[in-house]
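The values are calculated or read from the model by the stated rules, or taken from the named source; none is laboratory data. Not measured: the values here are computed from a predicted model. For neighbour counting, all protein chains shown are included, and Cβ atoms are generated from backbone atoms with ideal geometry for every residue, glycine included.
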């Protein structure tokens, strides 16, 4: 049979028609198809896992933090309760404070009325001294400068200590009965950052205190202008005792030219008295004796005169004779007030320095011991001379007798 005459095969229409009918009647995919699609899709999470995670998290409840809050100790709990009690009683304390102030004013007013009836006083005294205005002390024509060009030699805590010393120096000078002109040379660096930041620029309101960016040589030359004119100060305190008898000598002393001295414990010169119109420089170095003689060497390199306080002449000390900046300034202020270095040292130096004042008796004992030694030497010399004379006389007598 010719293949061309063979009939073609019939197509299976039943199977294709059933699949088309099912697709048209139920378009939603089965669970197996969805799971297969989710498994095959890259980067997606299976639907069953998502549903399981959602059912594990309870609805409407916050998730617990990973780390639990730290528990407070008994001491911390006591401090917290004490602070809470203190804060709760703040208003009560304010009311009691106002009541005390009111009662004190009424009591002072009653005392004033009583004295006024007796005719002793005409007006009530002020409740407190005025905070602003010129300080009560007398300005003298002397300048003290703190050389603060040692920042590279100090640690951060030492710079902090130096800032506290300078603040203390300003406070002591302002409260003293006779006060100096004060200044800082080489102003800047970390100290200025501290005064501007933590101390909130309070130094800008300091009176009689100059902050200079120049070094101590130029600042000492500038200080001569600070001591001129009516604001420069007047001769008072220990400066006026030398010329108290003659007013003309006092005027000449007020006009004389002062000196510039760098104070250093290593100096060979001793500062006997402060002179008017003079500038004294104190090295602002806190190094716990790591850099010995640094201030002295810097002063010698600049060709400036150096001197030390007469500690050895008035005190016997167990430690080194190196003092902090505010102690040096306070000693000078006390000398200006009492005209006595020994009293100034005793009032200012802390007890840990072990300083004992050399009394007149000790000086007298030293003098008597020296005198006794001299007398003993003289007596020994006289005895030797007498012995020599006796021997000479005996020798002459023997020669006169001749041989027997």
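Brief remarks follow.
- Residue 182 being buried (at least 22 other Cβ atoms within 10 Å of the Cβ), under 14 Å from residue 324 (Cβ atoms) and either modelled with pLDDT of 95 or more or in contact with a helix residue (DSSP H, G or I) (Cβ under 8 Å, 6 or more places away or on another chain) (or both): no
- Filter result for residue 94 (surrounded by 11 or more Cβ atoms within 10 Å (Cβ to Cβ) and modelled with pLDDT of 85 or more): no
- Being closer than 24 Å to residue 333 by Cβ and loosely packed, with under 13 Cβ neighbours inside 10 Å is a description that applies to residue 205.
- Taking each residue of region 99-127 that is modelled with pLDDT of 90 or more and looking for partners that are part of a helix (DSSP H, G or I) with beta-carbon atoms closer than 7 Å, six or more apart or interchain, yields nothing.
- Only residues that are part of a helix (DSSP H, G or I), in contact with a helix residue (DSSP H, G or I) (Cβ under 6 Å, 6 or more places away or on another chain) and at pLDDT below 90 were counted in region 312-350, giving 1.
- The sole residue among 234, 292, 224 that is more than 23 Å from residue 326 (Cβ to Cβ), modelled with pLDDT of 85 or more and part of a loop (DSSP other than H, G, I, E, B) is 234.
- Pair list, Cβ under 7 Å, 6 or more apart: region 164-176 residue under 22 Å from residue 190 (Cα atoms), other residue assigned to a helix (DSSP H, G or I): 165/325; 165/326; 166/325; 168/326; 169/325; 169/326; 169/329
- Residue in region 78-88 that is surrounded by 10 or more Cβ atoms within 10 Å (Cβ to Cβ), touching a strand residue (DSSP E or B) at 6+ places or on another chain (Cβ under 7 Å) and at pLDDT 90 or above present: no
- Region 266-293, subset within 21 Å of the chain's Cα centre (by Cα), farther than 18 Å from residue 336 by Cβ and in contact (Cβ under 8 Å) with a residue 40 or more places away in the chain, residue surrounded by the most Cβ atoms within 10 Å (Cβ to Cβ): 284
- Residue check for residue 190: out of contact with any helix residue (DSSP H, G or I) (no Cβ under 6 Å at 6 or more places or on another chain) and either more than 19 Å from residue 173 (Cβ to Cβ) or touching a residue at least 12 places away in the same chain (Cβ under 8 Å) (or both): no
- Taken over region 351-386, residues that are at pLDDT 55 or above and surrounded by 10 or more Cβ atoms within 10 Å (Cβ to Cβ) amount to 8.
- Lone unmet requirement of (1) under 16 Å from the mean Cα position of the chain (by Cα); (2) in a helix (DSSP H, G or I); (3) buried (at least 17 other Cβ atoms within 10 Å of the Cβ) for residue 157: (3)
- Residues satisfying the stated conditions in region 148-170, i.e. within 15 Å of residue 137 (Cα to Cα) and at pLDDT below 95: none
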